[in-house]
Amino acid sequence: MSGIGIYGLSGSGIDVDSMVKMGMMTKQNEYDRMYKKEIRNEWEKTAYTDLYSELNTFNNSTLSTYKMSSTTNPQNVSSSDTSVFTATANADAAQMNHTVNVTAMASNAYMLTGEDGITRDSGNDGSIYLKDIIDAENTMGTTDSIELVVGDGSTTATIKLTYEQIVTNKQTLNDLASAFKNAGLNLTSSYDATNDVFSIYNKDSGKVNTISIAAKDDLSAKLMNNLGLNKVSVDYSTGSAVSTMSELTFAAATFDSDGNVTDGATEIAGTDATVVIDGRTYTGSSNKVSVSNVTYTLAGVGSATANVSQDTDKIIENVKQFVTDYNKIIDMLNEKYYEEKYSDYDVLTQSQEKGMTTEQIEKWNEKAKSGILNHSSTVGKIISNMREALYTPVASVDSNYNSMMALGITSSTDRGHITLDEDKLKKALAADPDAVYQVFASSGDVTKTNSDGTTTTTTDYNRQGVIQRISDKLYAGLKEINSYAGNSSEVDDSSALGNLIRELKTKMSNFKVMMTSYENLLYKKYDAMETAIQRLSYQSGYITGQ
């Protein structure tokens, strides 16, 4: 209460504060009604936006996996000799045998310290410092530097190490390896201190992927030569991989005026793979070759056979997972739709909360929020549409296995919780191997040729696969939720509830100002009454002489 006067001095016995409080009660009740409505709208908005988040995740992440042919029609590839190749196939691969003859394997360009080890010109055997590799304190001036132009077959970069870095800062072989790795090329490098071995490696195989190193001068070449690098070659021709090493020699290269290497770079390359599949030869830089929707990973030279067949066990596993995922979302929707409503628990007013503990408020609100989506028309429509989409036969399927029920998926409760009869699913797959793929993932697209020769493509719900049907119905439900409640807790989202909450907040704010004015008016009224009574008391005392 604002209390703008001092009351009770007249001896009237009037309880002014109580009278003002009584006078404000109607206004306070009106404000409390607005407050309760605004809070309940916030609760409802939160409930719908939480539901939006769950449904959106299910639709865009979980459900989308069942639109993929790799989920509904996975293929299995067996190799008669896994030392020659292993393979995978996508859903469009023909179920048949393939002959595979690997004549050459792809390899990577690879430099490695050989048997003679790393040379230290300083005589400090085992030292990891670059200054000891080239005896820098005696061979370098303070303005000298080691400079290498390095390439990976497509890009070049310059590695430069100054006198200060090598001598003063005592950079190591590990620092040199880091310089190769951080040059922005497709190269990696390392120093193995245990075995005193330095290596440089192109991450990609194939003859187009190289390692080239051009030394700026004799001292730069000396550093590379002292690393004792050899070219490592892998020979697969005998069927067993055999590695050989050939020593590399570096010399000062020549450069043009723009700093480009013109001559003298030391370069090694990887090798390409060659494989004959079903009589046709394929060559590539990688040991992975994709032909007719089958991807072969080559393992060694030799001949073997690939057999492509439907992965029935994987299909059954994926259908079981779909049942689990579907039940999770339909059970969640039913839980919200049928959640018990406690009509005796209304939103607490601010004055009511002041007389309660935090724990009491939380328990009360838990009851008050319960059932906030109870029998929501939007939630009910989503449940109904999902169930209809699940059970309507797919008209584009040419066999008797054209529905989820034919595949062994049926309701186990009157609220849409489903179960899978695995034996029935196995029987369906044996009779029609494409049944799951068609029932789950048929597009439903129908193309019509118009009179002018153009074509129009539309989607026929009855010909559409179950997954896309459910997805479309969920999308429609998400649009409805977004229009009514938005998709976040923000009220400035143009949703119906967001607009209503903002309007109520504005109305409540204005009403609060009006209440303060009205309260002040009551106090002024009783202030005048007190003053009048006081004057009357003085006059009465004067007349009676008291």
Legend entry - Close pairs (8 angstrom Cβ cut-off, 6 or more residues apart or separate chains): basic (K, R) in segment 370-395, in a helix (DSSP H, G or I) anywhere: K381/G477; K381/E480; R387/I330
Inset, instruction - Just need a number here: residues in segment 338-356 that are at pLDDT 95 or above and loosely packed, with under 11 Cβ neighbours inside 10 Å. - result: 1
Legend entry - Failed item in (1) under 30 Å from S80 (Cα atoms); (2) touching a residue at least 60 places away in the same chain (Cβ under 8 Å), with R280 passing the rest: (2)
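Conditions tested, residue by residue: (1) open to solvent by 20 Å² or more (accessible area, probe 1.4 Å); (2) under 28 Å from Q468 (Cα atoms); (3) free of Cβ contacts under 8 Å to residues at least 12 places away in the same chain; (4) small (G, A, S).
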{"residue": "S290", "(1), (2), (3), (4)": "yes, no, yes, yes"}
{"residue": "N293", "(1), (2), (3), (4)": "yes, yes, no, no"}
{"residue": "A299", "(1), (2), (3), (4)": "yes, no, no, yes"}
{"residue": "A304", "(1), (2), (3), (4)": "no, no, no, yes"}
{"residue": "K314", "(1), (2), (3), (4)": "yes, yes, no, no"}
{"residue": "T324", "(1), (2), (3), (4)": "yes, yes, yes, no"}
{"residue": "L333", "(1), (2), (3), (4)": "no, yes, no, no"}
{"residue": "K336", "(1), (2), (3), (4)": "yes, yes, no, no"}
Inset, instruction - Kindly indicate whether any position in segment 327-345 is among the hydroxyl-bearing types (S, T, Y), at positive phi and in a loop (DSSP other than H, G, I, E, B). - result: no
Inset, instruction - Would you be able to say whether some residue in segment 436-455 is free of Cβ contacts under 8 Å to residues at least 60 places away in the same chain, open to solvent by 80 Å² or more (accessible area, probe 1.4 Å) and acidic (D, E)? - result: yes
Inset, instruction - Answer yes or no: is there a residue in segment 493-505 that is on the phi < 0 side of the Ramachandran plot, under 45 Å from the mean Cα position of the chain (by Cα), modelled with pLDDT of 90 or more and not in a helix (DSSP H, G or I). - result: yes
Legend entry - Of all residues in segment 346-364 being touching a residue at least 24 places away in the same chain (Cβ under 8 Å) and assigned to a loop (DSSP other than H, G, I, E, B), the one that is farthest from T413 (Cα to Cα): T349
Inset, instruction - Return a yes/no flag: does segment 219-233 have any residue that is touching a Lys or Arg at 6+ places or on another chain (Cβ under 9 Å) and among the small types (G, A, S). - result: no
Inset, instruction - Working carefully through the options K367, K424, K320, find the one that is open to solvent by 70 Å² or more (accessible area, probe 1.4 Å) and touching a Gly at 6+ places or on another chain (Cβ under 7 Å). - result: K424
Legend entry - Single residue of A104, A87, A94 found to be of a type outside the set (S, T, N, Q) and at pLDDT 95 or above: A87
Inset, instruction - Among what's in segment 207-248 and is open to solvent by 40 Å² or more (accessible area, probe 1.4 Å) and over 46 Å from the mean Cα position of the chain (by Cα), pick the residue that is nearest to G259 (Cα to Cα). - result: K216
Legend entry - segment 484-495 - residue that is loosely packed, with under 14 Cβ neighbours inside 10 Å and free of Cβ contacts under 8 Å to residues at least 40 places away in the same chain and, of those, nearest to E42 (Cα to Cα): E490
Inset, instruction - Within segment 147-168, identify whether any single residue is among the hydroxyl-bearing types (S, T, Y) and either modelled with pLDDT under 95 or open to solvent by less than 20 Å² (accessible area, probe 1.4 Å) (or both), and answer yes or no. - result: no
Inset, instruction - May I ask you to verify whether N182 is over 21 Å from V232 (Cβ atoms) and either open to solvent by 40 Å² or more (accessible area, probe 1.4 Å) or modelled with pLDDT under 95 (or both)? - result: yes
Inset, instruction - Report yes if some residue within segment 63-76 is out of contact with any His (no Cβ under 7 Å at 6 or more places or on another chain), at pLDDT 95 or above, outside any strand (DSSP E or B) and open to solvent by 20 Å² or more (accessible area, probe 1.4 Å); otherwise report no. - result: no
Inset, instruction - Could you check, for segment 464-475, whether at least one of its residues is assigned to a helix (DSSP H, G or I), modelled with pLDDT of 90 or more, more than 27 Å from the chain's Cα centre (by Cα) and among the aromatic types (F, W, Y)? - result: no
Legend entry - Residues satisfying the stated conditions in segment 187-203, i.e. within 32 Å of the chain's Cα centre (by Cα) and surrounded by fewer than 17 Cβ atoms within 10 Å (Cβ to Cβ): T188, K203
Legend entry - Complete set of residues in segment 20-46 that are among the hydrophobic types (A, V, I, L, M, F, W, C), modelled with pLDDT of 90 or more and open to solvent by 20 Å² or more (accessible area, probe 1.4 Å): I39, W43
Legend entry - Checking S12 against (1) open to solvent by 40 Å² or more (accessible area, probe 1.4 Å); (2) modelled with pLDDT of 90 or more, the condition it does not meet: (2)
Inset, instruction - Go through (1) farther than 17 Å from M224 by Cα; (2) in contact with a Gly (Cβ under 9 Å, 6 or more places away or on another chain) and name the single condition T156 misses. - result: (2)
Inset, instruction - Please state which of the following conditions A273 fails to meet, knowing it meets all the rest: (1) open to solvent by less than 60 Å² (accessible area, probe 1.4 Å); (2) of a type in the set (A, V, I, L, M, F, W, C); (3) out of contact with any Gly (no Cβ under 7 Å at 6 or more places or on another chain). - result: (3)
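The values are calculated or read from the model by the stated rules, or taken from the named source; none is laboratory data. Predicted model, so just to flag it, every value in this text is computed and none were measured. Counting neighbours? That spans all protein chains shown, and the Cβs are built from the backbone with ideal geometry, glycine included. The area values use the complete protein model at the heavy-atom level, side chains included, leaving out ligands, DNA and RNA. Shrake-Rupley method; radii C 1.70, N 1.55, O 1.52, S 1.80 Å.
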